[in-house]
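Student: Just dropping this structure here.
The values are calculated or read from the model by the stated rules, or taken from the named source; none is laboratory data. Remember, it's a predicted structure, so these values are computed and weren't measured experimentally. Quick reminder, even Gly has a Cβ in these numbers, built from the backbone with ideal geometry, and neighbours come from all protein chains shown. Side chains included, ligands, DNA and RNA excluded: accessible areas come from the protein's heavy atoms. Shrake-Rupley method; radii C 1.70, N 1.55, O 1.52, S 1.80 Å.
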Amino acid sequence: MNTRITIAQDSAEVPVFYLVDEHEHAEGASTPLGFWIYLMSDCLIFAVLFAIFGVLGGNYAAGPSPKDLFDLPLVAVNTSMLLLSSITYGFAMLTLEKGRIGATQIWLAVTALFGLAFVGIELSEFAHMIHEGATPQRSAFLSSFFTLVGTHGLHVSFGLVWMVTLMVQVAQHGLIEANRRRLMCLSMFWHFLDVIWIGVFTFVYLMGMLR
Amino acid sequence: MSADTHVVHADHAAGHGHDSLRSYLIGFGLSVVLTAIPFWLVMSGVLDSRKATALTIMVFAAAQIVVHMIFFLHMSARSENGWTMMALIFTLVIVGITLSGSLWVMYHLNVNMMPGHAMSQMP
């Protein structure tokens, strides 16, 4: 009796309730979507920081207010730096599609220079504020300001490190499939940071001056 | 007729490239305008009402974010079979709940915790 059951089980087609074979995935085919989901999670981080700034942005603790601290022409220059770096990265992607390695490297370098100018201007602005005593410890407004704007600046800085790394990669291995994929991800990252900056200059700097 | 087909063919051969250059340039132009106007509004103080200025620059910011999404990030309902759009919509819902919820709750907390209010209740 026992043996008969075993035999029956062996000979019968074992039912499968799940996908046995991994169907074909081209290497890196899911990277763009995965990276996009990472960007969305990053977006949530910034949303929370914006919410914090929205709640605490008016608490000056009798300290300096946005009107005493912000220099709108400088912010306008900074904004144009980031916007220009966005379009030059776009040009890098266009030359990448045509496979022109030299032009791609030049556009990446130009983008990195604009990004560096952005970080430099922002750091000098921070240094100026801290020199005037407007440190993150001064008031809740300044704590949330430095956290929000600093986090964005940190993202741009890491983007620059990434960009230099990719320029070295492209110089060493050329425009291979993997490098194209990486440059595409950095492109999304870079444009995404520009989108976040729209929120920063509108809600922090411009609205700050209106408070 | 032959010129027409030639143009179509050239466009197809150049493929994505031509379209993209135009899309980047349009996006850049729109962004410059959408950035310059809010800065001008605030720096010159053209609008008398602060509330009106604030609302206007918020509308400009929203418009510019959409411009960046379409022309720089190349968002469309079709990319990745619509999954990027789904992820974006989901994120926007969460962001909306987080922002409006925080601001709403904390505003009312602030109003009810005002020192003046507390003092008036004191004997």
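Student: Could you please let me know if B:F28 is under 26 Å from A:M207 (Cα atoms), assigned to a helix (DSSP H, G or I) and facing chain A (nearest Cβ under 8 Å)?
Tutor: When the stated conditions are applied, B:F28 passes them.
Student: Evaluate the stretch A:80-91: report whether one residue or more is of a type in the set (G, A, S), in contact (Cβ under 8 Å) with a residue 12 or more places away in the chain and over 20 Å from B:V32 (Cα atoms).
Tutor: For the stretch A:80-91, residues of a type in the set (G, A, S), in contact (Cβ under 8 Å) with a residue 12 or more places away in the chain and over 20 Å from B:V32 (Cα atoms): absent.
Student: Now a separate question. Answer yes or no as to whether A:F50 is over 28 Å from A:V164 (Cα atoms), touching a Ser or Thr at 6+ places or on another chain (Cβ under 8 Å) and crowded, with 19+ Cβ neighbours inside 10 Å.
Tutor: Spelling it out, it is not the case that A:F50 is over 28 Å from A:V164 (Cα atoms), touching a Ser or Thr at 6+ places or on another chain (Cβ under 8 Å) and crowded, with 19+ Cβ neighbours inside 10 Å.
Student: Moving on to the next point. Might you check whether a residue that is within 7 Å of chain A (Cβ to nearest Cβ), surrounded by 18 or more Cβ atoms within 10 Å (Cβ to Cβ), touching a residue at least 40 places away in the same chain (Cβ under 8 Å) and touching a His at 6+ places or on another chain (Cβ under 6 Å) occurs anywhere in the stretch B:49-69?
Tutor: No, that holds for no residue.
Student: Further question on the same structure: Would a scan of the stretch A:98-113 turn up a residue that is within 9 Å of chain B (Cβ to nearest Cβ), part of a helix (DSSP H, G or I), among the aliphatic types (A, V, I, L, M) and closer than 20 Å to A:V168 by Cβ?
Tutor: no
Student: Return only the number of the condition from (1) away from chain B (no Cβ under 14 Å); (2) more than 13 Å from the chain's Cα centre (by Cα) that A:F158 does not satisfy.
Tutor: If we test A:F158 against (1) away from chain B (no Cβ under 14 Å); (2) more than 13 Å from the chain's Cα centre (by Cα), just (2) comes out false.
Student: Condition first: within 9 Å of chain B (Cβ to nearest Cβ) and more than 15 Å from A:R182 (Cα to Cα). Now tell me which residues in the stretch A:17-45 satisfy that.
Tutor: Of everything in the stretch A:17-45, those that are within 9 Å of chain B (Cβ to nearest Cβ) and more than 15 Å from A:R182 (Cα to Cα) turn out to be A:I37, A:M40, A:S41, A:C43, A:L44.
Student: In addition: In this structure, is A:L56 open to solvent by 30 Å² or more (accessible area, probe 1.4 Å), closer than 19 Å to A:H155 by Cβ and of a type in the set (A, V, I, L, M, F, W, C)?
Tutor: Considered against the rule, which asks whether it is open to solvent by 30 Å² or more (accessible area, probe 1.4 Å), closer than 19 Å to A:H155 by Cβ and of a type in the set (A, V, I, L, M, F, W, C), A:L56 comes out as no.
Student: Please find, within the stretch B:84-96, the residue that is nearest to A:C185 (Cα to Cα) out of those that are open to solvent by less than 30 Å² (accessible area, probe 1.4 Å) and in contact with a Leu (Cβ under 9 Å, 6 or more places away or on another chain).
Tutor: Looking at the filtered set, the residue picked out is B:T84.
Student: Any chance the stretch A:28-35 includes a residue that's at negative phi, at pLDDT below 90 and assigned to a loop (DSSP other than H, G, I, E, B)?
Tutor: The answer is yes; a qualifying residue exists.
Quick grid of which residues meet (1) without any contact (Cβ under 8 Å) to a residue 60 or more places away in the chain; (2) among the charged types (D, E, K, R); (3) touching a Cys at 6+ places or on another chain (Cβ under 8 Å):
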position: A:A127; (1), (2), (3): yes, no, no
position: A:T135; (1), (2), (3): yes, no, no
position: A:H155; (1), (2), (3): no, no, no
position: A:F158; (1), (2), (3): yes, no, no
position: A:H173; (1), (2), (3): yes, no, no
position: A:R180; (1), (2), (3): no, yes, no
position: A:F189; (1), (2), (3): no, no, no
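Student: Considering A:G115, A:G133, which residue is open to solvent by less than 40 Å² (accessible area, probe 1.4 Å) and out of contact with any helix residue (DSSP H, G or I) (no Cβ under 7 Å at 6 or more places or on another chain)?
Tutor: The match here is A:G133.
Student: Please count how many residues of the stretch A:197-208 are over 17 Å from A:I87 (Cβ atoms) and either of a type in the set (A, V, I, L, M) or within 7 Å of chain B (Cβ to nearest Cβ) (or both).
Tutor: Qualifying residue count, the stretch A:197-208: 6.
Student: Just need a number here: residues in the stretch A:137-146 that are open to solvent by 40 Å² or more (accessible area, probe 1.4 Å) and either free of Cβ contacts under 8 Å to residues at least 24 places away in the same chain or closer than 12 Å to A:P64 by Cβ (or both).
Tutor: Residues in the stretch A:137-146 being open to solvent by 40 Å² or more (accessible area, probe 1.4 Å) and either free of Cβ contacts under 8 Å to residues at least 24 places away in the same chain or closer than 12 Å to A:P64 by Cβ (or both): 2 in total.
Student: Now a separate question. Look at the stretch A:19-45 and say how many of its residues are open to solvent by less than 50 Å² (accessible area, probe 1.4 Å) and without any contact (Cβ under 8 Å) to a residue 40 or more places away in the chain.
Tutor: The total comes to 3.
Student: What residue, among those in the stretch B:70-83 that are closer than 22 Å to A:I87 by Cβ and at the interface with chain A (Cβ under 7 Å from one of its Cβ atoms), is most open to solvent (accessible area, probe 1.4 Å)?
Tutor: B:L73
Student: Residues of the stretch B:31-48 being open to solvent by 50 Å² or more (accessible area, probe 1.4 Å) and either touching a strand residue (DSSP E or B) at 6+ places or on another chain (Cβ under 9 Å) or assigned to a helix (DSSP H, G or I) (or both), which ones?
Tutor: B:V32, B:V33, B:A36, B:I37, B:W40, B:M43, B:S44
Student: Output the residues belonging to the stretch A:50-102 that are among the small types (G, A, S) and within 24 Å of the chain's Cα centre (by Cα).
Tutor: Those that are among the small types (G, A, S) and within 24 Å of the chain's Cα centre (by Cα): A:A51, A:G54, A:G57, A:A76, A:S80, A:S85, A:S86, A:G90, A:A92.
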